[in-house]
There are 2 protein chains.
Amino acid sequence: MSKYKYHLFICTNRRPVGDSKGCCATKGADDLRSFFKEEIANRGLKGVVRANQAGCLDTCAMGPSVVIYPEGVWYTVKNREDALEVIEKHLLKGEIVERLLMPRSWARG
Amino acid sequence: MSKYKYHLFICTNRRPVGDSKGCCATKGADDLRSFFKEEIANRGLKGVVRANQAGCLDTCAMGPSVVIYPEGVWYTVKNREDALEVIEKHLLKGEIVERLLMPRSWARG
């Protein structure tokens, strides 16, 4: 079995000011990553779920970008409210949070 | 289907000098990450395979640490020779590189 039931990768990439792609760092990704980490620990999920910092996930326009493996589900997580919904629905109940899914064109092969 | 056939996460975490856990950064992880990225592009796999930088994967003693999703296969990739073997066997032929697998106690849930 996979080491983690859910392994989240949260892009915290920072591009230079003025870069037309934008970046997740300027959209609050560092705070979101810390929030995920704390809330996962608070729920006793350490070792079962891991929230990892990641470099550019190449979905800059859709950021803050979060991908959850092994499923390969791609979310736009804009704020702590969104993050809480991912934790409470996806991580705790295994439900996909449809409203936060990236558009198919960004999230599928 | 998953956006990427193979999504590699390469830990490049750096801990303070003297930290007993050690870290992947001091074992050449940044070079390995660049090498994976270049070799994947050279083989025309851009968009199919992605080599991502990641923060601490919590397998410090086994680093440099690489996990490949969606399979969740954990490797110790010590040098460019190891990286080439992962590329040529795992990424191109779908074969597990047994000799580079992390011990079960580190890599399984």
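The values are calculated or read from the model by the stated rules, or taken from the named source; none is laboratory data. Since the structure is predicted, the reported quantities are computational estimates derived from the model, not experimental observations. No Cβ is skipped: glycine too gets one built from the backbone with ideal geometry, and neighbour counts run over all protein chains shown. Surface areas here come from the heavy atoms of the whole protein model, side chains and all, with no ligands, DNA or RNA. Shrake-Rupley method; radii C 1.70, N 1.55, O 1.52, S 1.80 Å.
For segment B:8-24, putting each phi into the Karplus relation 6.51 cos²θ - 1.76 cosθ + 1.60 with θ = phi - 60° gives couplings of 8, 10, 10, 5, 10, 5, 10, 9, x, 3, x, 5, 5, 6, x, 7, 5 Hz, in residue order, rounded to whole numbers and with x for Gly and Pro.
So which residue, out of B:VAL48, B:VAL77, B:VAL66, gets the largest mean-square fluctuation from a GNM of chain B using Cα contacts under 10 Å as springs? The residue that fluctuates most here is B:VAL48. Comparing mean-square fluctuations of A:ALA51, A:ALA41, A:ALA83 from a GNM of chain A with C-alpha springs under 10 Å, the top value falls on A:ALA41.
Close Lys pairs in chain A (alpha-carbon distance under 29 Å; sequence gap of 8 or more, or different chains): 27. Projection of the Cα convex hull of chain B, averaged over all directions and equal to a quarter of that hull's surface, yields 6.7 nm². Comment: the Cα-to-Cβ extended label point of A:GLY94, at 7 Å, lies 2.6 nm from its counterparts in the other copies, nearest first. Once the Cα atoms are used to define both axes, helix B:29-42 deviates from the longest principal axis of chain B by about 0 degrees.
Helix content alone sets the calculated 222 nm mean residue ellipticity of chain A: runs of n ≥ 4 DSSP H residues at -39500 (n - 2.57) each, divided across all residues, give -6000 deg cm²/dmol.
Hey, what did chain B get for relative contact order, percent, Cα under 8 Å, at least 6 apart? Dividing the mean separation by the residue count of chain B yields 30 percent.
Each part reduced to its alpha carbon centroid, segment B:57-109 and segment B:2-42 end up 11 Å apart. Between the beta carbons of A:VAL48 and A:GLU81, assuming R0 = 25 Å, the FRET efficiency works out to 0.60 to the nearest 0.05. Roughly how big is the B-A contact, given as buried accessible area in Å² (both sides, 1.4 Å probe, nearest 100)? Summing both chains' loss of accessible area gives about 2000 Å². Distant-in-sequence amide contacts of B:CYS24, defined by a placed amide H-H separation under 5 Å and a gap of 5 or more residues or a different chain, comprise B:ASN13. Dipole orientation for chain B: of the candidates B:PHE36, B:TYR6, B:SER20, B:TYR6 has the Cα lying most toward the positive pole (charges on Cβ; Lys, Arg +1; Asp, Glu -1). Counting protein heavy atoms only, the protein assembly as shown has 49 percent of its accessible area on carbon and sulfur, 1.4 angstrom probe.
Cβ screening of the protein assembly as shown for cysteine pairs under 4.7 Å finds these without a partner: A:CYS23, A:CYS56, A:CYS60, B:CYS23, B:CYS56, B:CYS60.
Within chain B, the GluC sites (Glu not before Pro) that combine a DSSP coil assignment with at most 13 other C-beta atoms in a 10 angstrom radius are B:GLU95. If you build a Gaussian network model of chain A, linking Cα atoms that sit under 10 Å apart, which residue out of A:GLY94, A:GLY18, A:GLY55 swings the most? Of A:GLY94, A:GLY18, A:GLY55, the Gaussian network model singles out A:GLY18 as fluctuating most. Summarised as an ellipsoid, the protein assembly as shown has semi-axes of 26, 20, 18 Å, derived from the eigenvalues of the Cα gyration tensor scaled by 5 and square-rooted, with the largest first. Derived scalar couplings between HN and Hα for segment B:57-66 equal 9, 6, 10, 3, 5, 9, x, x, 9, 9 Hz in order, rounded to whole Hz, by the Karplus curve 6.51 cos²θ - 1.76 cosθ + 1.60 (θ = phi - 60°), x for Gly and Pro.
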